[in-house]
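The values are calculated or read from the model by the stated rules, or taken from the named source; none is laboratory data. Because the structure is predicted, anything quoted here is derived from the model rather than measured. Note: ideal-geometry Cβ built from the backbone for every residue, glycine included; neighbour counts use all protein chains shown.
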Amino acid sequence: MNTPRKQIKLENEESPQVALPAIPGETVNEKQSRILKEKISKLLGVDYNVKRVKSFPGAQPISFTKCHIKELLKENYYVCEKSDGIRVLVYLTENNGRQEVYLIDRKNIYRYIEGMVFPDPEDQSKLHKDTLFDGEIVNDVYDDGSVVVRLYAFDCLLDREKNLMQRPLNKRLGYLNKFIIEPHQKWRIKYLEDDDNTKKLPFELLLKRMEFSYELDKELDMLHEKNNRFKHKSDGLIFTSLPAPYVIGTCTTMLKWKPSSENSIDFKLKCYYSSVKPSFPEQRPDKFELHINKGNKGYNYYDELQVPDILWEKWLKQEMVTKQETSERNLNLDGRIVEVCRKEYPDGSKKWEFMRFRDDKRDGNYFTVVTSILQSIDDNLTEDELRSTKDEIKNAWDQRSEVV
């Protein structure tokens, strides 16, 4: 059954492929959120009081540098495109015969999704309970301007209470596809044939396509094709180790490659005025500062952000809102997370350039992550250099297969 394409209103004036989708669902209250977090921590076998579980419990890739090529030669990896979307974990459970679906975002905020059903693959009369998988929500945009919101799933941590984190990636993907996605898609076809019912669903669930690492050129080719299978913006590749377990937090066996020009960093924006902060929003701050996340030490000044007049005017236009109860207008910039890239000018100077606000993130990149990204930018592993490794990667892969 074809998914109907929707004309949806985006929250900014960027093209739909650039705009991040809104996360669907109703935010769960603090009490229920804590219950869910403690339950998931127990299922994952991790103490809830550990900081990394109190924060988003998903794996986080590290930046790809030239030294990581040897990792692709030493071990089998899968590769897929890096979607420009919103990362979420999806938790499925059952309560008195009713399916409960929760989306967990990067801020570790839980949102309840109503209306989606995930049948138990072994008993269609039952529902998935205590299942957790990883994915990303994107806006898939078609030539006619219509948009389909999709969630591309790419890993699985739990299947009906069974902890899969120590299993190899191909096994985790097998569970994800056979026991979660396929039964859900059959339910979707059977029960939602009417277009009106289908439109009530917040997203369509699909398995993200993976290639063997030596087929990385296929994924790179797709990034450049205008009418490719990616109906959303893709800005790089993700390499994930086949034999390695799923790791909560920083994962050294999940590698993120982006062209140097696309590599970006998230900082906290701070606005400063030479005098008292004005009560009206049109007055431009005297200085925009980027502050770096130092963990328990808070945020420290890192550098200045250049904000041209045309960008300031755009912010005024996009971000000023009218409160329904008053005529007061507010421009909320201070303390927001911003994604920036480093631009090098002909005179050799380097400055940070604003890309977009990242309101889906609670914090900017940790200072060690910033160091890693800067190393990747300076390392400047080009697409051609990456393509040139595929034969060597294939030979190493074949040699390992012969040993087995």
Here are some residues: Asp378, Asp384, Asp363. Which one is assigned to a helix (DSSP H, G or I), at pLDDT 90 or above and of a type in the set (Asp, Glu)? Asp384
Restricting the stretch 387-404 to residues that are among the β-branched types (Val, Ile, Thr) and part of a helix (DSSP H, G or I), the residue that is farthest from Phe239 (Cα to Cα): Val403
Do we have Gln306 as modelled with pLDDT of 80 or more and either touching a helix residue (DSSP H, G or I) at 6+ places or on another chain (Cβ under 8 Å) or not aromatic (Phe, Trp, Tyr) (or both) here? yes
Please tell me if Leu374 is on the phi < 0 side of the Ramachandran plot, in contact with a helix residue (DSSP H, G or I) (Cβ under 6 Å, 6 or more places away or on another chain) and in contact (Cβ under 8 Å) with a residue 12 or more places away in the chain. no
Determine if the stretch 45-58 includes at least one residue that is at pLDDT 95 or above, among the aromatic types (Phe, Trp, Tyr) and in contact with a Ser or Thr (Cβ under 9 Å, 6 or more places away or on another chain). no
Quick check on Arg356: is it over 16 Å from Ser261 (Cβ atoms) and surrounded by fewer than 17 Cβ atoms within 10 Å (Cβ to Cβ)? no
Please give the number of the condition Ser41 fails out of (1) modelled with pLDDT under 75; (2) touching a Phe, Trp or Tyr at 6+ places or on another chain (Cβ under 7 Å). (1)
Got at least one residue in the stretch 187-206 being at pLDDT 95 or above and out of contact with any Leu (no Cβ under 6 Å at 6 or more places or on another chain)? yes
Can you pull out every residue in the stretch 266-276 that is out of contact with any Phe, Trp or Tyr (no Cβ under 8 Å at 6 or more places or on another chain) and of a type outside the set (Ser, Thr, Tyr)? Asp266, Val276
For residues that are over 29 Å from Lys256 (Cα atoms) and among the acidic types (Asp, Glu), tally how many sit in the stretch 81-107. 2
Given the conditions (1) at pLDDT below 95; (2) crowded, with 18+ Cβ neighbours inside 10 Å, which single one is not true for Tyr91? (1)
